[in-house]
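Engineer: After the structure tokens below, expect a handful of questions from me.
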Amino acid sequence: MTRPPTLTEKNMPLTENALKILEKRYLLKNSDGSLAETPEGMFKRVARAAAEADRLYDPKADTGRTEETFFSMTNNLEFLPNSPTLMNAGRPLGQLSACFVLPIGDSMEEIFDAMKFSALIHKSGGGTGFSFSKLRQKGSPVQTTGGTSSGPVSFMKLFDLTTEVVKQGGKRRGANMGILNVSHPDILEFITCKNKPGEFENFNISVGITEEFIGLAEEGLDYELVDPRNGSASGKLNAGEVFNLIAETAWGSGEPGIVFLDRINRENPTPQLGIIESTNPCGEQPLLPYESCNLGSINLSLMVKDSNGRKEVDFDRLGSLVHKAVHFLDNVIDINKYPLDIIKNTTLETRKIGLGVMGFADMLCILGIPYKSDTALKLAEQLMDFIRRQARMASSALAKHRGPFPAYQKSVFKSSGEIIRNATTTTIAPTGTLSIISGTSSGIEPLFAVSYTRRSMEEEFTEINSVFRQYLTDAGIYSQELIERIGKSGSIENISEIPEHIRKIFVTAHEIEPEWHVRMQAAFQKYTDNAVSKTVNLKRDASVEQVKEVFMLAYKLGLKGITVYRDGSRESQVLNIDGGNRELCIDCS
């Protein structure tokens with residue numbers, strides 16, 4: 001690929017693939033389509049815009065110093081904010097949040113208002129989550145017309161089509177989350193709505209369930225359906241049969257996932273403001289109606305140091321970075337240009353941020369720790385416990401100078417006496433594109449493969465894990481021929497010339513039993529305010545029973561939601577090995 005020499009950043013640790021995607025989707029362009037900024041220029045633009053928020057609280061603030069701090073951590077790929085911030089900060093559009101939830105009421109006016117609002121959000125680069133649970137069931141009378149309702153799934157088709165039309169300027173694929181409560185009379189139609197290829201391609205779907213429902217499913221008992229118009233009973237279904245259908249459908253297409261709405265609301269930091277009904281498209285950010293949130297992720301693969309000849313986590317560096325990242329994300333709330341006034345007002349009430357991580361699998365490899373090990377689980381808990389404690393300390397420090405979030409008096413923090421600037425501070429996002437830019441592994445996922453092809457928009461990128469390459473180089477066995485052989489399968493478990501200790505460390509997603517995927521998600525969820533985006537990758541020959549076991553383990557380990565993906569169960573996927581189809585997760589970071 002030819003590019004002007006001035007756009008090659010020799011002092012930046014950007015890979016060829018990172019440069020490709022930055023040029024395609026992030027960097028400013030002139031009217032003729034030529035590039036108008038470098039990657040370094042992008043990070044300066046973003047840092048300058050975010051630093052300006054300091055003046056809102058101190059007219060004499062040294063924004064130049066803050067700008068340098070923000071620039072350093074992004075330019076060094078230690079921390080990256082969500083994609084809308086990278087794309088839009090310091091530009092006229094100025095919409096910087098990735099996650100939105102919009103309510104949908106049971107009237108034509110409310111439905112089409114939500115559709116219009118979602119189009120505006122998608123145009124600005126955000127993703128939307130909806131609960132369709134308030135819409136009356138199919139066949140219900142419509143008094144104003146004398147006709148009958150077509151039900152929530154039919155209206156979902158209109159939202160899907162709207163998303164398809166609004167292409168976000170070719171920069172990001174529009175994404176939605178659709179949730180329906182398991183007690184809705186149309187739940188069976190919802191569960192199977194994506195069975196037909198090509199349907200609802202701009203939606204992820206999840207069934208909103210409760211712990212009570214899981215208990216009834218285990219016993220094979222019936223549960224009541226509820227008419228959303230008046231809350232009256234509207235028939236019964238067998239919970240065990242519905243649970244089986246969810247598992248069978250997820251086995252066939254990767255959806256629906258499940259979301260534990262009761263657990264999410266038990267940890268709602270502002271219950272007096274309302275009930276959380278939905279999440280963002282990848283499920284990691286539960287939000288109140290009309291609320292938005294901006295996310296950012298720390299690159300854990302860079303948080304490692306040498307100590308007496310061995311590698312260990314650099315907690316001093318990590319702690320310092322968390323404080324800088326919280327400052328950055330809180331500033332983004334203030335400089336953000338929100339698509340609607342009601343979203344602005346609702347967001348400013350709670351000032352939620354979602355600081356998470358990427359590069360966890362690479363960190364484990366650098367430390368020589370296998371992903372499927374108790375040591376890895378303990379490190380996951382230790383890391384997230386540390387990050388959340390530091391994030392809350394940083395948020396409290398900001399609150400001393402800027403005040404707590406406005407809804408503080410209506411929050412759970414009032415009773416504890418903890419003064420905090422942000423109602424939530426931590427979230428684990430999938431970081432699909434951000435991990436390409438950073439040259440590291442996605443979110444908290446295991447390595448998908450040590451060599452694979454990744455699809456992003458219409459581009460395809462061949463990637464070789466850099467940590468793995470270094471291991472082979474240090475062992476004196478790196479060669480292009482070996483890499484090409486590995487690329488055909490993505491796995492090294494049967495390549496005998498690779499030392500056993502390396503094969504044990506570089507275990508890939510499909511070589512990890514489902515139980516370890518769930519346990520790793522639970523380890524991070526234990527110390528995460530919001531939720532965790534994680535895909536449980538299943539082998540092609542996995543059974544429906546294994547899917548049910550994953551869902552049950554998610555219930556027992558206290559997860560807020562869970563998603564599975566069986567290898568080869570979709571025609572079009574994000575990550576591919578040797579032309580085959582294998583998926584990790586969609587990108588909404």
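The values are calculated or read from the model by the stated rules, or taken from the named source; none is laboratory data. The structure displayed is predicted, hence computed values, not measured ones. Note that each Cβ is placed from the backbone with ideal geometry, even for glycine, and that neighbours are counted across all protein chains shown. These area figures cover heavy atoms from the full protein model, side chains too; ligands, DNA and RNA do not enter into them. Shrake-Rupley method; radii C 1.70, N 1.55, O 1.52, S 1.80 Å.
Engineer: For the pair residue 212/residue 55, report the inter-label distance in nm, with labels modelled 7 Å from Cα in the Cβ direction.
Structural biologist: According to this spin-label approximation, the distance is 5.4 nm.
Engineer: What share of all Cα pairs of the range 157-254, in percent, falls into each consecutive 10 Å distance bin?
Structural biologist: 15, 40, 29, 13, 3, 0
Engineer: Measure up 344/400; 138/236; 534/560; 526/560; 24/157 against 18 Å on the Cα-Cα distance and list the ones that go over.
Structural biologist: 344/400; 24/157
Engineer: I need the P(r) histogram for the range 243-345: all alpha carbon pairs, bin width 10 Å from 0 out to the longest distance, whole percents.
Structural biologist: 11, 25, 29, 23, 11, 1
Engineer: Let me ask you something else. Between the range 466-515 and the range 517-536, what is the separation of their alpha carbon centroids in Å?
Structural biologist: A separation of 26 Å, based on Cα centres.
Engineer: Then there's this: Could you run the Karplus curve 6.51 cos²θ - 1.76 cosθ + 1.60 with θ = phi - 60° over the range 335-344 and give me ³J(HN,Hα) per residue in whole Hz, x for Gly and Pro?
Structural biologist: Computed from phi, the couplings for the range 335-344 are 8, 5, 9, 6, x, 9, 4, 5, 5, 4 Hz.
Engineer: Next question. Roughly what % of Cα-Cα distances in the range 1-142 sit above 25 Å, to the whole percent?
Structural biologist: Here the long-distance tail beyond 25 Å is 46 percent of all Cα pairs in the range 1-142.
Engineer: Of all DSSP beta bridges in the chain, what percent run antiparallel (nearest 5)?
Structural biologist: Just about 50 percent of them are antiparallel.
Engineer: Continuing with the same structure: Take each of the peptides 289-301, 521-533, 32-44, average the number of other beta-carbon atoms within 10 Å over its residues, and list them starting from the highest.
Structural biologist: 289-301, 521-533, 32-44
Engineer: Give me a comma-separated list of calculated 3J(HN,Hα) values for the range 46-59, in order, Karplus coefficients 6.51, -1.76, 1.60 applied at θ = phi - 60°, integers in Hz, x for any Gly or Pro.
Structural biologist: Rounded to whole hertz, the list is 5, 5, 5, 5, 5, 5, 4, 4, 4, 5, 5, 10, 8, x.
Engineer: What residues have an amide H closer than 5 Å to that of residue 140, excluding those fewer than 5 places away on the same chain, when H is modeled at 1.01 Å from N in the peptide plane?
Structural biologist: Amide H neighbours of residue 140, under 5 Å, 5+ apart: 149.
Engineer: Please compute P(r) over all alpha-carbon pairs of the range 332-387, binned at 10 Å starting from zero, and give each bin as a whole-number percent.
Structural biologist: 19, 33, 15, 22, 11
Engineer: Within 10 Å, count the other beta carbons around each residue, average over each peptide in 410-419, 131-140, 102-111, 200-209, and list them highest first.
Structural biologist: 200-209, 131-140, 102-111, 410-419
Engineer: Considering every pair of different Cα atoms, what Kirkwood radius, in Å, is found for the chain?
Structural biologist: Numbers: mean 1/r = 0.0409 Å⁻¹.
Over the chain, the inverse of the mean reciprocal pair distance is 24.4 Å.
Engineer: Please work out the average accessible area per residue across the chain, using the 1.4 Å probe convention, and give it in Å².
Structural biologist: 39 Å²
Engineer: Could you give each residue of the range 319-333 its phi-based ³J(HN,Hα) in whole Hz, using Karplus coefficients 6.51, -1.76, 1.60 with θ = phi - 60°, and x for Gly or Pro?
Structural biologist: Once rounded to whole Hz, the list reads x, 4, 5, 4, 4, 5, 5, 5, 4, 4, 5, 5, 5, 4, 4.
Engineer: While we're on this one: Quick check: Cα centre of the range 174-207 to Cα centre of the range 210-225, how many Å?
Structural biologist: 20 Å
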